[in-house]
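Enquirer: Before I ask anything, let me first share the structure, which is written out below as structure tokens.
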Amino acid sequence: MSDESRSTPAQTSVAAVIPAAGRGVRLGPGAPKALRALSGTPMLIHAVRALAASRHVALVVVVAPPDGAAEVKSLLDAHALPDRTDFLVVPGGESRQESVRLGLEALPPQYGIVLVHDAARPLVPVDTVDAVVEAVRDGAPAVVPALPLADTVKEVAPAAEAGEPEPVVATPERSRLRAVQTPQGFDRATLVRAHESVTENVTDDASMVEQLGLPVVAVPGHEEAFKVTRPLDLVLAEAVLARRRLNDGF
Ligand code: CTP
Ligand code: MG
């Protein structure tokens, strides 16, 4: 490709990959987490709407539970979504990492920027999505939304015996720590390379780019981008939705 024909980061199209293939073991028994309802609407639909709300996002790829792709397709058909956004559904894998890779493999060639967003973060505000896209467009190969921590964090060693107290080995300085959310944004080629070369299990995509030795930057995250992980998080999510309905009503 000549330099003239290569699109610059400012022009390139943005796709979002939404891994939604997890079981939700920590949420307790029931349907796969992404398909559980929040205020009557599946969590996944909230997450898809949150990403499609960004005018930057032209395609959303949903990575469905391995045996649930048909169900997810009919859910997307049944809910109102913006016309300017395209949707694709692919079946996911055993780990989050594998699910993201399967989503990346389904991306048509024209998308040069990829957002990866957990279906389990259904309430991320559009301003957070846009801030991540803009930082990638400004040239960062990888961008994470991040928040300062409220709790002090301790590193512990395994207990001598199961059930015994764990020895604390270190206390990292809290002001230098961040809790990282999604959507994480990437130059597509960088993320693909990260998925090809990092094989050990990771809990976020940006750490794979760090392992390549490339810079990752953090932009401000948002409280409402929290991950629905345990039952109490459902209570918080319902409360956030109720607050939004009240604010919209006045
Ligand atoms: N995920 C995925 N494929 C997997 C595992 C997880 O697409 N094999 C997705 C989940 O659907 C979720 C996101 O990755 O949207 C973040 O994962 P997490 O919050 O851990 O969800 P689960 O793995 O479903 O929950 P748990 O770990 O409690 O089982
Ligand atoms: Mg998990």
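Enquirer: What size of dipole, in debye to the nearest 20, comes out for region 159-224 about its Cα centre when the only charges are +1 on Lys and Arg C-beta atoms and -1 on Asp and Glu C-beta atoms?
Expert: Values: 5 positive and 12 negative charges, 74 e Å.
Roughly 360 debye, rounded to the nearest 20.
Enquirer: Of all DSSP beta bridges located in the chain, what percent are antiparallel, nearest 5?
Expert: Around 40 percent antiparallel, to the nearest 5.
Enquirer: Another question about this same structure. Would you work out the charge dipole size for the chain about its Cα centre, treating the Cβ of every Lys and Arg as +1 and the Cβ of every Asp and Glu as -1, and quote it to the nearest 20 debye?
Expert: The dipole magnitude comes to about 580 debye.
Enquirer: Skip the ligands, DNA and RNA, and give the accessible area per residue of the chain with a 1.4 Å probe, whole Å².
Expert: 52
Enquirer: Take the alpha carbon atoms of region 194-250, find their center, do the same for region 71-117, and report the distance between the two centers in whole angstrom.
Expert: Using only Cα atoms to place each centre, the spacing works out to 17 Å.
Enquirer: Another question, if that's okay. If I compute solvent accessible area with a 1.4 Å probe over the protein chains, what percent of it on region 94-184 is carbon and sulfur?
Expert: Looking at region 94-184 in its full context, I get 50 percent from C and S.
Enquirer: While we're on this one: Assigning unit charges at the beta carbon (Lys, Arg +1; Asp, Glu -1) and nothing else, what dipole magnitude in debye, to the nearest 20, does region 73-197 show about its Cα centre?
Expert: Rounded to the nearest 20 debye, it is 260 debye.
Enquirer: Using per-residue counts of other Cβ atoms within 10 Å, averaged over each peptide, order 121-134, 148-161, 212-225, 168-181 from highest down.
Expert: 121-134, 212-225, 168-181, 148-161
Enquirer: Measure off, as a whole percent, the carbon and sulfur share of the 1.4 Å-probe accessible area of region 200-241, all protein chains present. Show your work: numbers first, answer last.
Expert: Numbers: 1390 of 2310 Å².
About 60 percent, which is the carbon plus sulfur part of the accessible surface.
Enquirer: Something else about it: What number, in percent, do you get for the relative contact order of region 141-250 if the mean sequence gap of Cα pairs under 8 Å and at least 6 apart is divided by its residue count?
Expert: Over region 141-250, the number comes to 33 percent.
Enquirer: Efficiency by 1/(1 + (r/R0)^6): what FRET value for ARG26 and GLU155, r their Cβ-Cβ distance, R0 = 30 Å, to the nearest 0.05?
Expert: Values: r = 22 Å, r/R0 = 0.72.
Efficiency, rounded to the nearest 0.05: 0.85.
Enquirer: Something else now. Would you pull out the residues with amide H under 5 Å of VAL219's amide H, same chain only if 5 or more places away, H placed 1.01 Å from N?
Expert: Amide H to amide H, under 5 Å and 5 or more residues apart or across chains, VAL219 pairs with VAL144, ALA146.
Enquirer: Across 5 Å bins from the origin, how do the percents of Cα pairs in the chain run, short distances first?
Expert: All Cα pairs, binned at 5 Å, distribute as 1, 6, 13, 16, 19, 17, 12, 8, 4, 2, 1, 0, 0 percent.
Enquirer: Determine the relative contact order of the chain: mean sequence separation of Cα pairs under 8 Å and six or more apart, normalised by residue count, in whole percent.
Expert: RCO, the chain: 23 percent.
Enquirer: Under the rule of -39500 (n - 2.57) per DSSP H run of 4 or more residues, summed and divided by the residues of the chain, what mean residue ellipticity at 222 nm is obtained, to the nearest 500 deg cm²/dmol?
Expert: Rounded to the nearest 500, the figure is -9500 deg cm²/dmol.
Enquirer: What is the percent carbon and sulfur in the accessible area of region 35-88, measuring with a 1.4 Å probe over the protein chains and ignoring ligands?
Expert: 50
Enquirer: Still on this structure, I have one more. Of the trypsin sites (Lys or Arg not before Pro) in region 34-80, which ones lie in a loop per DSSP and count no more than 14 other C-beta atoms within 10 Å?
Expert: Details: sites: ARG36, ARG49, ARG55, LYS73; in loops: ARG36, ARG55.
Answer in residue order: ARG55.
Enquirer: Another question about this same structure. Of HIS46, ILE113, PRO29, which is farthest on the positive side of the dipole of region 1-147, counting Cα position, with +1 on Lys and Arg Cβ, -1 on Asp and Glu Cβ, and the Cα centre as origin?
Expert: Final value for the positive-end residue is PRO29.
Enquirer: Need one word for region 121-170: rounded, prolate or oblate. Basis is the Cα gyration tensor (sqrt eigenvalues a ≥ b ≥ c); a/c below 1.5 gives rounded, then a/b vs b/c decides.
Expert: prolate
The values are calculated or read from the model by the stated rules, or taken from the named source; none is laboratory data. If you're wondering where the values come from, they're calculated on a predicted model, not measured in any experiment. Because the Cβ atoms are built from the backbone with ideal geometry, glycine has one as well, and the counts that use them run over all protein chains shown. The area values use the complete protein model at the heavy-atom level, side chains included, leaving out ligands, DNA and RNA. Shrake-Rupley method; radii C 1.70, N 1.55, O 1.52, S 1.80 Å.
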